[in-house]
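Here, each number is a calculation from the coordinates, and none is a lab measurement. Here the structure is a predicted model, which is why all the values come from computation and not from measurement. Cβ atoms come from the backbone with ideal geometry, glycine included; neighbour counts cover every protein chain shown.
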Amino acid sequence: MTARTRILSAAVVVLAAAFGAAAYAGRAAEGIDAGPTIVLGSGQRIVGLDFGSLLGGGDPQHQMLELAYERVEHTYYKPVADQLLVSGEQQALTKFLKAKKVSAPQVPLAAATGERARDIAILEKTLTTVQTRYASIAPRDVYTQVALTGMLGGLGDPYTTYLSPQEINGLDEQLRGGNFGGIGVYIVQDPKTGAILVDPIEGNPAIKAGVRPGDAILAVDGRSTNGLKIDDVERAIRGPNGSIVSLTLKRHEGAATSTVRVTRAEIHVPSVRAKIEDGIEYVRLSDFGSTSADEVRSAFIDGKKHNVRGYILDLRNNGGGLLDAAVDISSLFIQDGTVVSTIDRAGDRDVRSANGHPIGAKPLVLLVNRYTASASEITAGAVQDYGVGTLVGEKTFGKGVVQSLYNLPDKGALKITTARYVTPKGRDIQHKGIVPDVVVTQRVDLPIIDTPADKQLSAAKKIIESKKDA
């Protein structure tokens, strides 16, 4: 089981860039040891730094604070006021202690000076004081994680954050497809009700046990999911291969509830589901992972072999993924030229061009909605700018920034917004989104997708039909 399509939190373009300085990335490419690496997907190696040589000796947890400060100061996509980092740490530690029932937590308050060494010392002193004063409340590393989360949270950027070792493993799994013990469902959380909804994957244990698209999970092994975060539900459903998990479900079509027992198995989650129907190739892409471009290419080539009369790429509820995957998938439809340009803090522009391997999929329709985000918007924007396909649906999410990952000694990572991106025509979509060529509104509802009630899909098919003689 995994939440490959998390429409609330997955809006991310991950840039497979160096975890440290550009010089380290260059050395790694030349085969010189650049320190530890994290591997995101097949071949997606992201270079790390040798923390001992970079930061010297001392407390590894203080080193993490220093690294976070340095990375934000040097790579965040716009200038940063140090006070945001200092206040963010203080507020996060205070909130954490209050949640632990500490009345009037005594967290040192200090103002940033704007001078590197002194501000790092302020961050470290605050952490050390809390770790010592409240040693009985939580382990030292927990306070460090709270401090890191607070520092980055102080920027007010939802995409810049600390990722725990568990979270970075989950991101790795999401982007490479994952092989793990589970039941084979996508899960999403309804933003209004908080209900956990499932979309079972064909051929996997959940669908064989009777789990249906749109079912709400009311309980896992008797424990209510009410008020739980999606990650908590995911962890509860996973388990050793061959073990059994009990799900209490509410059917989407009525008030009836049922309990099913599902035997966990090794699950590989593809990012593509494809079919040919009425002479049209329909490809639904859940995210932009390391295998996604190959999966999309294979599906479209299969359509060409069957002489389909049109192609639909469904990017609805697709929250993004790898920048390289967005470029490669866009290149399937674009002959040559710029696919996307990323612009860093200094205004330097990195132009990513089509790779010269288009497949000639025409006519092409892309389906988008309010949860089409980030890497999905890169592909949608490129297709629209070049006029190689028609966008159908609703205005997209509007995430026009790129994140880089920086690994940490605790095997967690910093995810930091390091650039913004623009479409081939220079459109900045941050907080604006992309308006489709043909606007068709409908509820964002998993059970509707790819059914007779799917008005957006019906509109896409009509567009293809109208162009069959063109």
Whose amide H sits under 5 Å from the amide H of GLN430, counting only residues 5 or more places off or on another chain, with H placed in the peptide plane?
GLY400
Give me the one-decimal nm value for the distance between modelled label points at ILE137 and ASN226, 7 Å along each residue's Cα-to-Cβ direction.
3.0 nm
In whole Hz and in residue order, list the ³J(HN,Hα) couplings for segment 220-235 that follow from phi through the Karplus curve 6.51 cos²θ - 1.76 cosθ + 1.60, θ = phi - 60°; x for Gly and Pro.
10, 6, x, 8, 4, 8, 4, x, 7, 7, 4, 5, 5, 5, 4, 5
So if each residue of separation counts as 0.36 nm, and I subtract the Cα-Cα distance between ASP445 and ALA346, what length gain in nm does that give?
31.5 nm
In whole Å, how far is the Cα centre of segment 344-401 from that of segment 301-319?
16 Å
